[in-house]
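Worksheet for the structure shown next.
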Amino acid sequence: MSQAVSDPADGKLGVAAALQEIGILLELKGGRYFQARAYKVAARVLAELESSLSSLIEEDRLTDISGIGAAIAAQIKELHRTGTSRMLEQLRAELPRGALELATVPGLSLKKIQQLQAALGVSSVAELKAACEKGEVRCVKGFGPKTEEKLLAALSQAKRPRNEINIHKALRLAEEVVNYLQVGTKAKQIQIAGPLRRWRETTPDLTVVMTATAAGPMFDRFAGFPMLIRVLERTDNSLTAILNTGIKISLLVTSPQNFGSVLVAATGSVAHVEKLEALAARHDLSLDLTNDVSAGKRSRGRKKSFKTEAEIYQQLGMQYVPPELREDVGEIEAAIAGELPEDLVTISDIRGMLHCHTNYSDGKHTVEEMARGAEALGMSYLTITDHSPTAFYAGGLKVDRLKRQWEEIARVQERVNVKLLRGTESDILADGSLDYPPRILEQFDVIIASIHSRYRMDENQMTERVTRAMRQPWFKIWGHALGRIIQHRPPFNARVEEILDVIAESRVAIEINGDPYRLDMEPRWLREARKRAIKFVASTDAHSINGMKNLKFGIGIARRGWVRRGEVLNTLQTEGFLQVVKPN
């Protein structure tokens with residue numbers, strides 16, 4: 001791991017990296033599992049913290065943060081002030097040189113690392129691999145041929161991506177890397193690429209593309225990133241490393257003249273890029289898309305470099321394909337035919353903040369605080385949609401509390417400019433009914449209807465449940481439609497196309513839920529809904545002011561579903577939106 005260095009994020013990244021190192025070193029020493037875990041948790045909390053670290057230290061508020069106790073707070077202060085700490089330096093001195101890096105290899109305990117260093121002087125992963133390949137490790141007491149073979153297998157496995165991480169964590173991490181590189185290199189062109197740029201729900205790795213006249217200094221800067229554990233591979237134009245989160249990251253450096261070519265290759269799915277290359281080959285042209293990304297591929301046709309991505313698509317006689325669409329689901333054929341939507345929804349199109357919870361149910365902030373948050377984001381209206389009574393575990397509002405909330409909404413409305421709409425996230429019950437009586441439902445401005453229980457109903461039961469709800473006279477927005485929690489719960493079983501057919505005959509819109517752990521519905525179903533002329537809303541499912549930032553994730557998934565501006569109801573101004581969503 002890199003030593004503590006200055007970083008552009010208020011010193012936060014350097015301190016987080018040092019806490020992570022302390023945790024790993026404590027764990028490596030053995031016998032201090034819970035203390036080691038506490039430091040690792042604190043490192044993650046600090047890395048994801050949005051507040052200013054300097055301000056927290058000055059105001060003595062570090063221990064207000066969950067996961068940071070008095071002892072760790074003292075370490076943070078010392079690390080922030082000096083760039084290191086006595087505890088960290090003592091741990092480094094007590095352990096063999098290179099122990100931190102070698103500890104990332106499965107099967108290597110502290111005792112084995114000490115044996116390897118004493119016998120072979122091994123102090124890095126690269127040196128260990130070389131020793132294994134030469135057959136030297138098997139000769140060390142306590143190892144042998146089988147152990148050597150296992151170590152080689154583990155070292156090879158280390159180059160493969162680990163489990164995918166959620167877009168929320170991946171985006172934050174990638175932005176930290178980009179910010180770090182920009183400050184240190186003053187790069188004029190730098191861009192996140194890969195699945196993350198396509199707004200995929202999860203990603204196995206991160207990719208950043210940047211321009212430079214010489215790659216070496218860029219790689220040297222990157223190698224000093226505080227959260228970087230070790231470099232896996234370095235070539236003339238790429239560096240791949242492992243971060244302390246366990247995720248793999250690649251930095252690709254190219255010339256300004258070829259930035260567009262490398263960015264297209266690093267962004268699109270494999271199938272999308274291969275189709276572009278095949279299309280170019282038919283015109284005796286090589287786009288050279290993989291020239292700076294992978295070595296050894298032979299170009300076909302005349303080589304041509306491109307400064308921008310748009311030039312590539314123009315050269316091939318097709319519309320520009322936005323990054324979110326580059327999945328080989330018909331976008332190339334549509335672009336050639338000139339049928340690709342050119343008015344995909346954007347964040348700037350959104351006029352109202354939808355699906356927001358307050359502290360009346362399971363939200364963190366008050367009605368007024370949420371209203372101020374929406375105002376700060378330039379919204380014209382805000383829907384207050386707390387849970388209904390059946391969601392008792394989330395503080396669902398019974399009628400008496402609901403009426404008290406309506407009274408508070410009226411009082412707050414006098415103090416804010418954003419229009420506050422009375423709404424609910426009403427449970428769709430097992431029989432397809434909604435979780436308030438008709439006399440209450442008709443008084444809402446907007447109703448989001450969602451499933452929060454009995455996800456294991458069979459396909460027939462669930463399809464009947466949802467379609468019955470959709471046929472009710474109250475206008476509804478189908479909230480987080482298929483109930484998935486990414487990487488934790490799959491979508492429930494239902495005949496989705498049958499449900500979409502029912503929706504197409506009703507006044508129901510589908511929510512595109514921006515919670516990065518929901519992102520419901522999937523893009524393929526959004527495209528199916530579009531075929532039926534169904535409308536959408538882009539929501540945040542915000543349970544706090546900060547949760548309103550989820551809008552970008554909702555827009556990302558909408559664009560992946562080819563959703564256009566005019567198909568999203570909350571691109572309408574307040575009166576237009578109210579007119580179409582008001583219950584019958």
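The values are calculated or read from the model by the stated rules, or taken from the named source; none is laboratory data. Here the structure is a predicted model, which means the values were calculated and not measured. As a convention, Cβ positions derive from the backbone with ideal geometry for all residues, glycine included, and neighbour counts pool all protein chains shown. Note: areas computed on protein heavy atoms with side chains; ligands, DNA, RNA excluded. Shrake-Rupley method; radii C 1.70, N 1.55, O 1.52, S 1.80 Å.
Please identify the GluC sites (Glu not before Pro) of segment 406-451 that satisfy two criteria: DSSP loop assignment and at most 15 other Cβ atoms within 10 Å. Which are they?
GLU414, GLU442
Beyond a 26 Å Cα-Cα separation, which of these cross-linked pairs lie in this structure: LYS111/LYS146; LYS169/LYS304; LYS12/LYS307; LYS186/LYS307; LYS40/LYS186; LYS12/LYS248? Present the calculation step by step, with values, prior to reporting the outcome.
On the way: LYS111/LYS146 18 Å; LYS169/LYS304 36 Å; LYS12/LYS307 35 Å; LYS186/LYS307 19 Å; LYS40/LYS186 32 Å; LYS12/LYS248 21 Å.
Result: LYS169/LYS304; LYS12/LYS307; LYS40/LYS186 exceed 26 Å.
Can you give the accessible area per residue of segment 500-584, in Å², using a 1.4 Å probe?
36 Å²
Over segment 505-584, how many percent of alpha carbon pairs lie in each 10 Å bin up to the one with the longest distance?
Distribution as computed: 19, 49, 30, 2 percent.
Where Rh is the Kirkwood radius over the Cα pairs of segment 371-498, the temperature 20 °C and the viscosity 1.002 mPa s, what D in µm²/s does Stokes-Einstein return? Before the final figure, lay out the partial values.
Values: Rh = 15.8 Å.
The Stokes-Einstein estimate is 135 µm²/s.
Can you tell me the FRET efficiency between GLU498 and GLU311 if r is taken as the Cβ-Cβ distance and R0 is 51 Å, rounded to the nearest 0.05?
0.70
Lysines near LYS535 by alpha-carbon distance under 26 Å, same-chain residues fewer than 8 away left out - which ones?
Reachable lysines: LYS419, LYS476, LYS549, LYS552, LYS582.
Given the C-alpha centroids of segment 532-584 and segment 95-120, what is the distance between them in whole angstrom?
Going from one Cα centre to the other spans 53 Å.
If you line up the long axis of helix 110-120 against the longest principal axis of the chain, both from Cα atoms, how many degrees apart are they, to the nearest 10?
Helix 110-120 sits at roughly 40 degrees to that axis.
With θ taken as phi - 60° and the coefficients 6.51, -1.76 and 1.60, list the Karplus ³J(HN,Hα) couplings across segment 522-528 in order, rounded to whole Hz; mark glycine and proline as x.
5, x, 4, 6, 4, 5, 5
Which value, in Å² rounded to 10, gives the accessible area of GLU59 with a 1.4 Å probe and all protein chains present?
Ignoring ligands and nucleic acids, GLU59 comes out at about 100 Å².
On full extension of the chain, what length is gained from GLN257 through GLN114, given 0.36 nm per residue of separation minus the C-alpha to C-alpha distance?
Stretched out fully, the GLN257 to GLN114 stretch lengthens by 46.6 nm.
Per-residue HN-Hα couplings for segment 264-279, Karplus 6.51 cos²θ - 1.76 cosθ + 1.60 at θ = phi - 60°, whole Hz, x for Gly and Pro?
Karplus values, whole Hz, x for Gly and Pro: 4, 5, 7, 9, x, 4, 4, 5, 5, 5, 4, 5, 4, 5, 5, 5.
Gain in length, LYS552 to ASP60, computed as 0.36 nm per residue apart minus the alpha-carbon separation, to one decimal in nm?
173.8 nm
Of the accessible area of the chain, with the probe set at 1.4 angstrom, what percent is carbon plus sulfur?
About 48 percent, which is the carbon plus sulfur part of the accessible surface.
Taking R0 as 30 Å, what FRET efficiency do you get between SER453 and LEU377 from their Cβ-Cβ distance, rounded to the nearest 0.05?
Calculated transfer efficiency: 0.40.
Under a cut-off of 17 Å between alpha-carbon atoms, report the aspartates and glutamates in cross-link reach of LYS364, not counting same-chain residues fewer than 8 places apart.
Straight-line reach from LYS364, under 17 Å: GLU50, ASP64, ASP386, GLU408, GLU425, ASP515, ASP541.
Specify which residue in the list LEU344, LEU13, VAL399 is farthest towards the positive end of the charge dipole of the chain, using unit charges on the beta carbon of Lys, Arg (+1) and Asp, Glu (-1), about the Cα centre.
Selected residue: LEU13.
Provide, in order from the shortest bin, the percent of all Cα-Cα pairs of segment 306-463 in each 10 Å bin, continuing until the bin that contains the maximum pair distance.
All Cα pairs, binned at 10 Å, distribute as 10, 28, 20, 19, 16, 6, 0 percent.
What number, rounded to the nearest 500 deg cm²/dmol, is the helix-based mean residue ellipticity at 222 nm of the chain, given -39500 (n - 2.57) per DSSP H run of at least four residues and division by all its residues?
That calculation yields -12000 deg cm²/dmol at 222 nm.
Using the Karplus curve 6.51 cos²θ - 1.76 cosθ + 1.60 with θ = phi - 60°, work out ³J(HN,Hα) for each residue of segment 421-429 in order, rounded to whole Hz, and write x for Gly and Pro.
10, 7, x, 8, 9, 8, 5, 8, 6
Please compute the length gained on full extension between ALA430 and GLU342, using 0.36 nm multiplied by the number of residues separating them and subtracting their Cα-Cα distance.
27.6 nm
Write down the Å³ per residue value for the convex hull defined by the alpha carbon atoms of the chain.
Convex hull volume per residue, Cα atoms: 182 Å³.
How high is the relative contact order of segment 511-584, given as a whole-number percent (alpha carbon pairs under 8 Å, six or more residues apart)? Don't skip to the end; give the middle numbers.
Details: 98 pairs, mean separation 26.1, N = 74.
Computed over segment 511-584, the figure is 35 percent.
Between ASN179 and GLU274, what's the calculated FRET efficiency when r is the beta-carbon distance and R0 is 51 Å? Round to 0.05.
The computed FRET efficiency comes out at 0.95.
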